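Visitor: Pasting a structure here, questions to come.
The values are calculated or read from the model by the stated rules, or taken from the named source; none is laboratory data. None of the values given here were measured: they were computed from a predicted structure. For neighbour counting, all protein chains shown are included, and Cβ atoms are generated from backbone atoms with ideal geometry for every residue, glycine included.
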Ligand SMILES: Nc1ncnc2c1ncn2[C@@H]1O[C@H](COP(=O)(O)OP(=O)(O)OP(=O)(O)O)[C@@H](O)[C@H]1O
């Protein structure tokens, strides 16, 4: 498991990270979200050792993350970092070697990834001759080439169209085994909601929410939605609930007494077809807005 514990970082007078602590659990995708300047890139740079923290630690399986172990982490930096004029295959082999692969293994992994990305025929082309979307795919291949023990991806999907995002996600899912923790930052909350198991929300250098996406978007589980074919106005007379809104067959209400929940469902069924019944989910965008207010 990757853990950041109490990371603090100042730039002059500005406190960019203030006691940032969270876990990135193996085999789960953790989304890292926050407004511009919240401190996501700074955190990721500290994890990768590109930047030093003023206080705090980065731990790998409970021990300080050493430079040696860091070499096995896959990183996609915000500023990217591939060489525009270098041939794609040479470039990926170079990154594989840099992370400790033998020449044969680096080539084997490179060719497998290029094949997988549909770029095998472009292997000897310079990176800059590819479309931006394809350059981004090569960038993710560079983070994956050495079969990383953990992945830290700074905005890996920015600028990609939905099909390209899906292709990248498929690749990640294939390559990332159940032992690999994945942390990725993103501004695209819909994407984060779709892809992530866990979420860390950063606001002005502080963690303001963290947990599983399911937990965070369950919100207040006492608010229910009922959708029936007929009129749902009868709910107004039910005790143990507080009706928030009824419009035709759709009602939103707070359950004040848990025992009443199933009674409402039975009552609704006895009156006709029930199309929807259950606790209201909160959109991740609302969680985010609430947490970063
Ligand atoms: N090298 C630096 N020198 C001075 N200030 C910096 C430096 N790097 C980051 N900062 C400041 O630290 C804060 C956090 O920046 P960071 O890039 O980590 O945010 P972010 O969450 O990644 O934002 P974005 O989503 O815009 O990439 C910002 O206020 C930024 O201006």
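Visitor: Collect the residues in segment 162-196 that are farther than 22 Å from residue 214 by Cβ and touching a helix residue (DSSP H, G or I) at 6+ places or on another chain (Cβ under 7 Å), keeping them in residue-number order.
Guide: 164, 168, 171, 175
Visitor: Are there any pairs, at least 6 apart or on different chains, whose C-beta atoms fall under 7 Å, with the first in segment 258-280 and over 15 Å from residue 225 (Cβ atoms) and the second part of a strand (DSSP E or B), and if so, which?
Guide: From residues that are over 15 Å from residue 225 (Cβ atoms), the pairs are 260/241; 271/228; 272/228; 273/228.
Visitor: Give just the number: which of (1) more than 24 Å from residue 189 (Cβ to Cβ); (2) without any contact (Cβ under 8 Å) to a residue 24 or more places away in the chain; (3) loosely packed, with under 14 Cβ neighbours inside 10 Å does residue 229 not satisfy?
Guide: (2)
Visitor: Residues that are touching a helix residue (DSSP H, G or I) at 6+ places or on another chain (Cβ under 6 Å) and within 14 Å of the ligand (Cβ to nearest atom), at least 1 per element: which strands (runs of 3 or more DSSP E) completely within segment 8-84 meet that?
Guide: Here the list reads 14-24, 29-34, 73-76.
Visitor: Follow-up question, since we're still on this one. So, residue 201, is that one within 22 Å of residue 41 (Cβ to Cβ), within 16 Å of the ligand (Cβ to nearest atom) and within 16 Å of the chain's Cα centre (by Cα) or not?
Guide: Here the answer is yes, as residue 201 does meet what is asked.
Visitor: Determine if segment 158-173 includes at least one residue that is in a strand (DSSP E or B), assigned by the TED database to the domain that holds residue 54 and within 16 Å of the ligand (Cβ to nearest atom).
Guide: The answer is no; no qualifying residue exists.
Visitor: Sticking with this one: Is it the case, given these coordinates, that residue 126 is without any contact (Cβ under 8 Å) to a residue 12 or more places away in the chain, in the same structural domain as residue 204 (by the TED database) and either more than 16 Å from the ligand (Cβ to nearest atom) or in contact with a helix residue (DSSP H, G or I) (Cβ under 9 Å, 6 or more places away or on another chain) (or both)?
Guide: No, not satisfied.
Visitor: Quick one: is residue 204 at positive phi, surrounded by fewer than 17 Cβ atoms within 10 Å (Cβ to Cβ) and assigned by the TED database to the domain that holds residue 35?
Guide: For residue 204, the condition - at positive phi, surrounded by fewer than 17 Cβ atoms within 10 Å (Cβ to Cβ) and assigned by the TED database to the domain that holds residue 35 - is met.
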